[in-house]
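Below is one structure; the comments refer to it alone.
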Amino acid sequence: MSNHISPARSLNAFNCSRCKVFAKQDWFFLTGASQPSGFGAQYQNDEFVLSKCNSCGEPTIWHGQSMIYPLHATAELPCEDLPEEIQRDFEEARRIANLSPRGAAALLRLALQKLCVHLGEPGKNINSDVASLVTKGLPPKVQQALDSVRVIGNEAVHPGTLDLKDDQETVQKLFRLINFIAHKMITEPREIDEIYSGLPPDKLAGIANRDSSK
Ligand SMILES: [Zn+2]
């Protein structure tokens, strides 16, 4: 999850838009032919390029810096431990991220607000919610990261509103931050609980005794 590299025109390897595997990509300029056999008049425009994945062999098509096919596959998938409603917002943001980064960012700030509520915070002020989550184990650097994408801090944008400054980079960071927070605050505690509850009953009793004798 944390190693997801979104496809970009400048990269020779990324998580493929088709198979999702991190793989080397071969780049080609697209050429058009007036005959299906490839004979006849040829047309080429350097703006249109294709990256071919070395893992699945499928093409991703670009116009300039923008991926134009497939349309909704640049972002990582939502963390499976996110509540269903937030996963739906996340998926919707993934579908529109290429066409409307501002729309996607607005949805993601809303999803983040819902995540704060899910984690037991009031959800009225993301700034104070995140500060509270830091006291519960969220790394303090997440605050700076959220500041950099204008979720909290001086230039914070209200969840659900459009921000002129939102671009692809901001949107990709928001996807990653939501998954990171879900992983830290939901997945990791669950995994530790699973390890703990897998202990034999006499061990658990021993731990209980030790803790109560302190
Ligand atoms: Zn692939």
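The values are calculated or read from the model by the stated rules, or taken from the named source; none is laboratory data. Note that this is a predicted model, so its numbers are computed, not measured. So basically every Cβ, Gly included, is an ideal-geometry build from the backbone, and we count neighbours across all protein chains shown. Quick note on the areas: whole protein, heavy atoms, side chains included, nothing else; ligands and nucleic acids left out. Shrake-Rupley method; radii C 1.70, N 1.55, O 1.52, S 1.80 Å.
Gln65: at pLDDT 95 or above and more than 23 Å from Pro189 (Cβ to Cβ), yes or no? Lay out the reasoning, then the answer.
Values: at pLDDT 95 or above: no; more than 23 Å from Pro189 (Cβ to Cβ): yes.
Criteria not met by Gln65.
Is region 15-30 home to any residue that is of a type in the set (A, V, I, L, M, F, W, C) and closer than 18 Å to Gln168 by Cα? I'd like the intermediate steps shown before the answer.
If we filter region 15-30 for residues that are of a type in the set (A, V, I, L, M, F, W, C), which is where we start, we get 16, 19, 21-23, 27-30.
With the extra rule that they be closer than 18 Å to Gln168 by Cα, the set shrinks to 16.
Yes, there is a match, as at least one residue in region 15-30 is of a type in the set (A, V, I, L, M, F, W, C) and closer than 18 Å to Gln168 by Cα.
Hey, can you tell me all the residues within region 137-152 that are surrounded by fewer than 16 Cβ atoms within 10 Å (Cβ to Cβ) and closer than 21 Å to Gly120 by Cα? Walk me through it before giving the result.
Looking only at region 137-152, we keep the residues that are surrounded by fewer than 16 Cβ atoms within 10 Å (Cβ to Cβ), and these are 137, 139-141, 144, 148.
Hits for region 137-152 are Gly137, Pro139, Pro140, Lys141.
Would you check if Gln172 is touching a Ser or Thr at 6+ places or on another chain (Cβ under 6 Å), in contact (Cβ under 8 Å) with a residue 24 or more places away in the chain and of a type outside the set (A, V, I, L, M, F, W, C)? It would help to see each step written out before you state the result.
Working: touching a Ser or Thr at 6+ places or on another chain (Cβ under 6 Å): yes; in contact (Cβ under 8 Å) with a residue 24 or more places away in the chain: yes; of a type outside the set (A, V, I, L, M, F, W, C): yes.
When the stated conditions are applied, Gln172 passes them.
Residues Leu110, Leu82, Leu77: which one is part of a loop (DSSP other than H, G, I, E, B), open to solvent by 10 Å² or more (accessible area, probe 1.4 Å) and closer than 30 Å to Gly153 by Cβ?
On the way: Leu110 fails: part of a loop (DSSP other than H, G, I, E, B); Leu82 fails: open to solvent by 10 Å² or more (accessible area, probe 1.4 Å).
The conditions single out Leu77.
Among the residues of region 153-179, write down those that are part of a loop (DSSP other than H, G, I, E, B), buried (at least 18 other Cβ atoms within 10 Å of the Cβ) and touching a Pro at 6+ places or on another chain (Cβ under 7 Å).
Across region 153-179, the qualifying residue is only Asp166.
Would you say Pro70 is away from the ligand (no atom under 16 Å from the Cβ), over 30 Å from Glu188 (Cβ atoms) and at pLDDT below 95?
no
Pull up region 52-74, narrow it to residues that are touching a helix residue (DSSP H, G or I) at 6+ places or on another chain (Cβ under 8 Å) and crowded, with 20+ Cβ neighbours inside 10 Å, then point me to the one that is nearest to Ile5 (Cα to Cα).
So the first thing to find is which residues in region 52-74 are touching a helix residue (DSSP H, G or I) at 6+ places or on another chain (Cβ under 8 Å), and the list is 71-74.
From what is left, the residues that are crowded, with 20+ Cβ neighbours inside 10 Å are 73-74.
Details: Ala73: 12, Thr74: 9 Å.
Applying the filter and picking the extreme gives Thr74.
Pairs, please: C-beta under 8 Å, at least 6 apart or cross-chain, first residue in contact (Cβ under 8 Å) with a residue 24 or more places away in the chain and among the small types (Gly, Ala, Ser) and in region 36-64, second more than 10 Å from the ligand (Cβ to nearest atom) and open to solvent by 80 Å² or more (accessible area, probe 1.4 Å)?
As it stands, the answer is Ser51/Phe28; Gly64/Glu47, since those pairs meet every condition given.
Just a yes or no: is a residue in region 85-101 surrounded by fewer than 14 Cβ atoms within 10 Å (Cβ to Cβ) and either within 16 Å of the ligand (Cβ to nearest atom) or over 30 Å from Met185 (Cα atoms) (or both)?
Going through region 85-101, the residues surrounded by fewer than 14 Cβ atoms within 10 Å (Cβ to Cβ) turn out to be 85, 99.
Retained after the next criterion (residues that are either within 16 Å of the ligand (Cβ to nearest atom) or over 30 Å from Met185 (Cα atoms) (or both)): 99.
Scanning region 85-101, I find at least one residue that is surrounded by fewer than 14 Cβ atoms within 10 Å (Cβ to Cβ) and either within 16 Å of the ligand (Cβ to nearest atom) or over 30 Å from Met185 (Cα atoms) (or both), so the answer is yes.
Across region 114-136, what is the total count of residues that are outside any loop (DSSP other than H, G, I, E, B), surrounded by 12 or more Cβ atoms within 10 Å (Cβ to Cβ), more than 21 Å from the chain's Cα centre (by Cα) and among the polar types (S, T, N, Q)? Outline the logic, then answer.
Within region 114-136, the first condition is being outside any loop (DSSP other than H, G, I, E, B), and the residues that meet it are 114-118, 126-135.
Now narrow it down to the ones that are surrounded by 12 or more Cβ atoms within 10 Å (Cβ to Cβ): 114-118, 126-134.
From the residues that got through so far, the ones that are more than 21 Å from the chain's Cα centre (by Cα) too are 128, 131-132.
Of the ones still in play, those that are also among the polar types (S, T, N, Q) are 128, 132.
Summing the residues that are outside any loop (DSSP other than H, G, I, E, B), surrounded by 12 or more Cβ atoms within 10 Å (Cβ to Cβ), more than 21 Å from the chain's Cα centre (by Cα) and among the polar types (S, T, N, Q) in region 114-136 gives 2.
Taking the condition under 13 Å from the mean Cα position of the chain (by Cα), outside any loop (DSSP other than H, G, I, E, B) and closer than 16 Å to Asn179 by Cβ, does Glu91 pass?
On the way: under 13 Å from the mean Cα position of the chain (by Cα): yes; outside any loop (DSSP other than H, G, I, E, B): yes; closer than 16 Å to Asn179 by Cβ: yes.
So Glu91 passes the test.
Could you tell me which residue of region 25-64 is farthest from the ligand (Cβ to nearest atom), considering only residues that are charged (D, E, K, R) and in contact with a Lys or Arg (Cβ under 9 Å, 6 or more places away or on another chain)?
Start the filter on region 25-64 by keeping residues that are charged (D, E, K, R), which leaves 26, 46-47, 52, 58.
Going one step further and asking which of them are in contact with a Lys or Arg (Cβ under 9 Å, 6 or more places away or on another chain), we end up with 26, 58.
Working: Asp26: 11, Glu58: 5 Å.
Here the residue is Asp26.
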